[in-house]
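What follows is a set of notes on a single structure, which appears directly below.
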Amino acid sequence: MTGLRYVYAVCRPFGTPLQAQLAGVAGDPPRLLTHHDLVAVVSHVPEADFAEEPFRAHLEDLDWLTTVARAHQGVIDALTTVTTPLPLRLGTVFRDDSGVRTMMEAREEGFLRTLDRLDGRVEWGVKVFVEAERAPDTTAAPPPRKPVSGRDYLRQRRMETKSHDDLWQRAETFSTRLHETLSGCAEDSRLHAPQNPTLSGASGRNVLNAAYLVPRAESEKFVETVERTRDGEPGIRVELTGPWAAYSFAGDESVTGEGA
């Protein structure tokens, strides 16, 4: 099959085969391209979509980009079950196998160093949200009476503002303590910018958006630590995702392609 070479990840050689029905980007099954002590996981993609200019144009097409991202992530997830991959950026392409091998040759030392650091480790994501709307408390006092004057209205607004501020302060304190606890259970951690609720579609406001590098053998203990916090604070929601390939800890080795 002709076309550009789409590169998903670089890893050490591994013996367990990938799923037989695994389809990559553009439907082409991934294959392994070996160079010295490294393996690149690649598939063929059409130049009409993945050359530099058409790919840049496709970035404006959210449906197309979502399809590519899901196929890319599917290959990374499959790799994570059999080895420790170093995932490359979405849309990393080269003209041919020779270009992929040249890239591995040039980055070999850094790739091997990073793979040694990530070997046997996975990434867990933890997010903390302040709920946008809390469920009504049936045991609480009845709602405040309708204000009968401007002074009453201002007093009620001050009380609502104080309640909102108190919740945010509790959420920030809770997130700080949780991050300290989870960092103690992990080998490394990264704090990412809070997610925009409009883009993420998640309910509530994101207070903590963190990633943790955890030895695979310690993952159960890490998950149990997170689970113990889930119902600890009213109005605060904790979300756990993973295990993932260690995207947040790949550093500068998460390269882009040479273009086409």
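The values are calculated or read from the model by the stated rules, or taken from the named source; none is laboratory data. Worth saying up front: this structure is predicted, and the values here are computed from it rather than measured. For neighbour counting, all protein chains shown are included, and Cβ atoms are generated from backbone atoms with ideal geometry for every residue, glycine included. Just the protein is used for accessible areas: all its heavy atoms, side chains included, with ligands, DNA and RNA removed. Shrake-Rupley method; radii C 1.70, N 1.55, O 1.52, S 1.80 Å.
Tell me, in nm to one decimal, what length is gained between ALA51 and TRP64 on full extension, where the rule is 0.36 nm per residue of separation less the Cα-Cα distance? Provide the component values of the computation, followed by the final result.
On the way: separation 13, 0.36 × 13 = 4.68 nm, distance 1.49 nm.
Going from the current span to full extension adds 3.2 nm.
Using the Cβ-Cβ distance between GLU172 and ASN196 with R0 set to 30 Å, the FRET efficiency from 1/(1 + (r/R0)^6) comes to roughly 0.95.
Which order do the peptides 122-129, 80-87 come out in when sorted by mean C-beta neighbours inside 10 angstrom, highest first? Present the calculation step by step, with values, prior to reporting the outcome.
Numbers: 122-129: 22.5, 80-87: 20.9.
Final packing ranking: 122-129, 80-87.
Heavy atoms of the protein chains alone define the surface here; on that basis segment 59-138 has 51 Å² accessible area per residue at 1.4 Å probe size.
For the ranges 27-38, 206-217, what's the packing order if you count other beta-carbon atoms within 10 Å of each residue, average per peptide, and put the highest first?
Values: 27-38: 15.2, 206-217: 18.9.
Highest-to-lowest ranking by the protection proxy: 206-217, 27-38.
Put simply, segment 1-126 fits an ellipsoid with semi-axes of 23, 17, 14 Å; these come from the alpha carbon gyration tensor as the roots of five times its eigenvalues, largest first.
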